[in-house]
Amino acid sequence: MMDFESAARKRMLLATVIASAVSAGCATAQEVGEPSRGLELTQRLCAQCHAIRKDQLQSPNEQAPRFQVIASVPGMTAIALSAALNTSHRLMPNIVLEADEQAHIIAYILSLK
C-alpha cells in the first residue's frame, strides 16, 4: 500500500502536469504573494493538520503532507499549487481563500524549497 506522502507527491505531480498544460495555452502573470503573510495564514488555517515549517518532521495529522514535502515536489510551481488549492480533496476541508490569501500561502510554501 502506498504511504500518504507518496500519494500526495503523485497528486502534486499530476496537478503540475495539468497546470503546465493549461498555462501553455494562456500567458497570464502569476500573482506574487508575501511569504510572511502566507506563514500567518497557514498557522491559522493549515497547522492543525499540516506540518507548515521546515523544522517540523511530522504533520499533526499523519495523513496530511508536510509543506516541505509539497514544496520539494519536482517542478512545483505557483500554478500547480493554485490548482491543488482549488481542487477539493477527500481528506481535507474545503477552505475558500481570497486571491491574495492564496497568493500569500503559495509564496510561503514555495519559500520552503
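The values are calculated or read from the model by the stated rules, or taken from the named source; none is laboratory data. Just so we're clear, the structure is a prediction, and the values are computed from it rather than from any experiment. When we count neighbours, we look across all protein chains shown, and the Cβ atoms used for this are built from the backbone with ideal geometry, even at glycine. Note: accessible area is taken over every heavy atom of the protein model, side chains too, but ligands, DNA and RNA are not part of it. Shrake-Rupley method; radii C 1.70, N 1.55, O 1.52, S 1.80 Å.
Summary table below
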| item | result |
| --- | --- |
| Residue check for THR87: modelled with pLDDT of 60 or more and either of a type in the set (Lys, Arg) or farther than 20 Å from LYS113 by Cβ (or both) | yes |
| Whichever residue in the stretch 31-49 is free of Cβ contacts under 8 Å to residues at least 24 places away in the same chain and outside any helix (DSSP H, G or I) and, among such residues, is most open to solvent (accessible area, probe 1.4 Å) | GLN48 |
